[in-house]
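K.L.:
This is the structure I want to talk about, given as structure tokens.
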Amino acid sequence: MTEPPFNQPGRFWRGNLHAHSNQSDGALSPEETVAHYREAGYDFLAITDHFRAKHGFPLTDTRPLRTAGFTTLLGAELHGPSTEFSSEWHILAVGLPLGFPPPRPGETGPQLARRARTAGAFIGIAHPAASLLTLSDAESLDAAHAVEVYNALSAYEDRGDSWHLTDVLLNRGHKLSTYAADDSHFQPQDPPACAAWVQVRSQSLCPEALLAALKAGHYYSSTGPELHDIQLSDDQISVASSPVRKVLITGSKPGKQVLEGTDLTDCSLPVAMFAGGYCRVTVEDAIGGRAWSNPIYLGPQA
């Protein structure tokens with residue numbers, strides 16, 4: 001998370017970390033769900049069915065659906081009592097082992113997340129805006145690796161973006177990465193899938209390598225544009241991307257650095273205003289699609 005992933009060995013692999021099948025409340029079978037993403041050009045998918053008693057605590061085994069050019073990560077959306085404004089938590093756990101035990105009597109959401117992380121999972125704070133999570137709630141989830149900063153299903157209710165809470169957590173010293181996801185269910189009333197994804201930098205498509213890269217923050221998120229490179233040099237950050245209309249640098253202090261234009265692909269902007277904290281890059285294309293870097297931590301100004 002200190003350095004952008006573009007100098008890491010390997011290549012970027014496109015995947016969705018949050019999806020549901022008919023093993024919980026999704027409309028499609030695991031086979032149909034995987035086929036949808038594979039045919040859309042994705043490289044990997046995590047089916048994260050709701051780990052609730054009423055669904056039989058499913059940890060959907062997608063290993064038989066892996067192919068030479070497409071893989072799956074095992075996981076689930078975990079639930080435990082309770083948050084300030086909800087009776088249950090929504091906690092993404094990608095990389096769970098098969099046979100992960102259901103919640104224990106009296107086990108809280110943060111305790112369940114700690115157990116999942118100990119078992120090897122990448123832990124995400126799922127759709128904080130849609131869950132009406134408070135800062136106190138989020139800080140209690142101390143096992144989290146990342147925040148789901150954009151959820152395409154939650155955007156349908158105008159609660160897709162969770163950057164404000166994330167920036168507060170980052171400023172409080174929580175070293176979190178950030179990801180975007182579909183939260184696809186394929187129900188008739190849902191928005192189309194394949195709307196938000198991660199690009200993970202890894203030397204291979206094997207699940208273990210992808211999971212390690214996620215935990216290390218070696219990825220970026222998108223709803224459209226591609227980030228080709230981000231480099232820090234002195235007090236400047238250089239951004240290369242697919243054609244966009246806006247490049248925005250925000251971070252640990254109020255304010256911004258921004259460049260707007262037509263078909264921007266390469267630019268440099270100063271980051272001295274964020275010295276001693278962090279900055280992050282957002283690019284926006286001509287139809288409103290965005291891509292986001294993970295937080296980039298900066299040393300003090302020279």
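K.L.:
At q = 0.09, 0.10, 0.13, 0.18 Å⁻¹, work out log10 I(q)/I(0) for segment 156-302 with the Debye formula, treating every Cα as an identical point scatterer and leaving solvent out; two decimals please.
P.N.:
These q points yield log10 I(q)/I(0) values of -0.30, -0.37, -0.63, -1.17.
K.L.:
Using 0.36 nm per residue, how much length does the chain from THR118 to GLU139 gain when fully extended, once their Cα-Cα distance is taken away?
P.N.:
Extending this stretch completely gives an extra 5.7 nm.
K.L.:
Another question about this same structure. Give me the percent relative contact order of the chain, please, defined on Cα pairs under 8 angstrom at least 6 residues apart.
P.N.:
Reported as a whole number, the value is 17 percent.
K.L.:
Here is a further query. Work out how much length LEU98 to GLU208 would gain on full extension: take 0.36 nm times their residue separation and subtract the Cα-Cα distance, in nm to one decimal.
P.N.:
So the extension gain works out to 38.1 nm.
K.L.:
If you don't mind, there's one more thing I want to ask. To check you understand DSSP bridge types, tell me what percent of the beta bridges within the chain (both residues inside) are antiparallel, rounded to 5.
P.N.:
Taking every DSSP beta bridge with both residues in the chain, the antiparallel ones total about 75 percent.
K.L.:
Just the projected area, averaged over all directions, of the convex hull on the alpha carbon atoms of the chain: how many nm²?
P.N.:
14.9 nm²
K.L.:
Could you give the length gained by full extension between ALA27 and ASP263, i.e. 0.36 nm per residue of separation minus their alpha carbon distance, to one decimal place?
P.N.:
Between ALA27 and ASP263, full extension yields 81.1 nm more.
K.L.:
Where the Cα atoms of segment 232-291 are projected onto their three principal axes, how long is each span, largest first, in whole Å?
P.N.:
34, 21, 15
K.L.:
Residue by residue through segment 202-209, which ³J(HN,Hα) values in whole Hz follow from phi under the Karplus form 6.51 cos²θ - 1.76 cosθ + 1.60 (θ = phi - 60°), with glycine and proline marked x?
P.N.:
Those phi angles translate into 8, 6, 8, 8, 5, x, 5, 5 Hz.
K.L.:
Can you pull the percent of segment 192-302's accessible area that's carbon plus sulfur, 1.4 Å probe, other chains left in place?
P.N.:
With neighbouring chains kept in place, the figure for segment 192-302 is 51 percent.
K.L.:
With a ≥ b ≥ c taken as the square roots of the eigenvalues of the C-alpha gyration tensor of segment 151-216, please select rounded if a/c is under 1.5 and otherwise prolate if a/b is larger than b/c or oblate if it is not?
P.N.:
Since a/c reaches 1.5 but b/c is at least a/b, the shape of segment 151-216 is classed as oblate.
K.L.:
Same structure, new question: Taking a ≥ b ≥ c as the square roots of the Cα gyration tensor eigenvalues, with a/c under 1.5 meaning rounded and otherwise prolate when a/b beats b/c, else oblate, which class fits segment 1-85?
P.N.:
Oblate is the answer for segment 1-85, as a/c is 1.5 or above yet b/c matches or exceeds a/b.
K.L.:
Within a Cβ distance under 14 Å of LEU141, other residues only, what is the Lys/Arg minus Asp/Glu net charge?
P.N.:
Its environment carries a net charge of -3.
K.L.:
Something else: Using only Cα atoms, find the angle between the long axis of helix 109-118 and the longest principal axis of the chain, and express it within 0 to 90 degrees, rounded to the nearest 10.
P.N.:
80 degrees
K.L.:
With a ≥ b ≥ c taken as the square roots of the eigenvalues of the C-alpha gyration tensor of segment 81-237, please select rounded if a/c is under 1.5 and otherwise prolate if a/b is larger than b/c or oblate if it is not?
P.N.:
rounded
K.L.:
How far is it, in nm, from the label point at LYS253 to the one at GLU84 when both lie 7 Å from their Cα along the line to the Cβ?
P.N.:
Spacing of the two 7 Å Cα→Cβ label points: 2.8 nm.
K.L.:
Do you know the relative contact order of segment 238-302, to the nearest whole percent, from alpha carbon pairs under 8 angstrom that are 6+ apart?
P.N.:
Here the relative contact order equals 34 percent.
K.L.:
Please tell me the relative contact order of segment 79-195 in percent, rounded to the nearest whole number, where contacts are Cα pairs under 8 Å and at least six residues apart.
P.N.:
21 percent
K.L.:
Cut-off under 17 Å on the C-alpha distance; same-chain residues fewer than 8 positions from LYS256 excluded. Which lysines are left, in chain and number order?
P.N.:
LYS246
K.L.:
Moving to a separate point now. 5 Å is the cut-off here: which amide hydrogens, built 1.01 Å from N in the peptide plane, fall below it relative to GLU88, excluding neighbours closer than 5 in sequence?
P.N.:
THR83
K.L.:
Still on this structure, I have one more. Under 5 Å between amide H atoms, partner at least 5 residues away or on a different chain: which partners does THR60 have, H built in plane at 1.01 Å?
P.N.:
Hits under the 5 Å cutoff: ASP49, GLY75.
K.L.:
May I ask you to evaluate 6.51 cos²θ - 1.76 cosθ + 1.60, the Karplus curve with θ = phi - 60°, for each residue of segment 281-296 and list the ³J(HN,Hα) values in order in whole Hz, giving x for glycine and proline?
P.N.:
So the Karplus estimates, Gly and Pro as x, are 9, 10, 10, 10, 8, 5, 10, x, x, 10, 9, 10, 7, 6, x, 10 Hz.
K.L.:
Check TRP13: other-chain or 5+ apart residues with amide H under 5 Å from its amide H, H built from backbone geometry?
P.N.:
VAL200, ARG201, SER202
K.L.:
Per DSSP H run of n ≥ 4, the term is -39500 (n - 2.57); total these for the chain, divide by its residue number, and report the mean residue ellipticity at 222 nm rounded to 500 deg cm²/dmol.
P.N.:
-4500 deg cm²/dmol
K.L.:
Report, in degrees rounded to the nearest 10, the 0 to 90 angle that the Cα long axis of helix 30-39 makes with the longest principal axis of the chain.
P.N.:
The helix 30-39 is inclined about 30 degrees to the chain.
K.L.:
Taking the Cα centre of each part, how many Å lie between segment 36-91 and segment 161-196?
P.N.:
Spelled out, the Cα-based centre of one part sits 15 Å from the other.
K.L.:
For segment 80-87, in order, what is each residue's ³J(HN,Hα) by Karplus, 6.51 cos²θ - 1.76 cosθ + 1.60 with θ = phi - 60°, in whole Hz (x at glycine and Pro)?
P.N.:
Result, ordered by residue: x, x, 8, 10, 4, 10, 9, 6 Hz.
The values are calculated or read from the model by the stated rules, or taken from the named source; none is laboratory data. Owing to the predicted nature of the structure, the values given are computational and were not obtained by experimental measurement. No Cβ is skipped: glycine too gets one built from the backbone with ideal geometry, and neighbour counts run over all protein chains shown. Surface areas here come from the heavy atoms of the whole protein model, side chains and all, with no ligands, DNA or RNA. Shrake-Rupley method; radii C 1.70, N 1.55, O 1.52, S 1.80 Å.
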